[in-house]
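Here the structure comes first, spelled out in structure tokens, and everything after it is commentary.
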Amino acid sequence: MRRTTTTGMMGALAALVLACGCGDDDPYASYRQRCVDKINQYRASEGKPAYARWTSAEACADSEAQSDSETGTAHGAFPRCGERAQNECPGWGSLDQIIDGCLDMMWAEGPGEPFSEHGHYINMSSTSYSQVACGFHVTSAGRVWAVQDFR
């Protein structure tokens with residue numbers, strides 16, 4: 001019988017936390033995953049492959065959301081993180097509203113053309129991208145700005 005030490009269990013737990021991006025140092029970790037999961041749920045409804053979670057761009061996406069909240073200009077920091085497309089939810093009431101409201105509204109824009117009327121849906125459903133980073137910023141007034149960067 002193999003014996004697991006506390007040290008071995010802690011190392012395994014640390015590895016799982018790093019792999020999922022859900023460490024205590026990221027207050028938005030669960031919302032990032034929910035954001036990616038929600039977008040991929042929509043994509044699956046059309047038989048499209050899932051976007052990978054672009055974890056290395058999440059801190060940068062947070063800074064874009066913060067910058068845009070400070071200037072009051074949606075997409076004002078685009079494309080600072082190297083993304084090829086971006087959706088943004090400016091000034092929402094809560095993180096949950098972003099996931100369950102803003103993303104729903106953007107998906108409901110499609111399908112269709114032109115981009116000016118269906119762009120959010122087009123970015124979410126595109127087969128030209130393979131990754132998405134979800135960034136968040138909560139203002140001192142409690143308003144939530146969120147970006148979804150696609151690459």
Selection count, region 3-48, where residues are modelled with pLDDT of 50 or more, farther than 25 Å from Ala59 by Cα and open to solvent by less than 80 Å² (accessible area, probe 1.4 Å): 4
Pairs only if they're at least six apart or on different chains, beta carbon under 6 angstrom, first in region 68-90 and in contact (Cβ under 8 Å) with a residue 12 or more places away in the chain, second of a type in the set (Ser, Thr, Tyr) and open to solvent by less than 60 Å² (accessible area, probe 1.4 Å); list them, first residue then second. Ser69/Thr139; Ala77/Ser67
Quick check on region 122-134. Is at least one of its residues free of Cβ contacts under 8 Å to residues at least 12 places away in the same chain and surrounded by fewer than 22 Cβ atoms within 10 Å (Cβ to Cβ)? no
Just give me the residues in region 72-128 being on the phi > 0 side of the Ramachandran plot and in a strand (DSSP E or B), in sequence order. Gly91
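The values are calculated or read from the model by the stated rules, or taken from the named source; none is laboratory data. These numbers were taken from a predicted model, which means no experiment stands behind them. Neighbour counts are summed over all protein chains in view; Cβ atoms, including those assigned to glycine, are modelled from backbone coordinates with ideal geometry. Heavy atoms of the whole protein, side chains included, go into the accessibility calculation; ligands, DNA and RNA do not. Shrake-Rupley method; radii C 1.70, N 1.55, O 1.52, S 1.80 Å.
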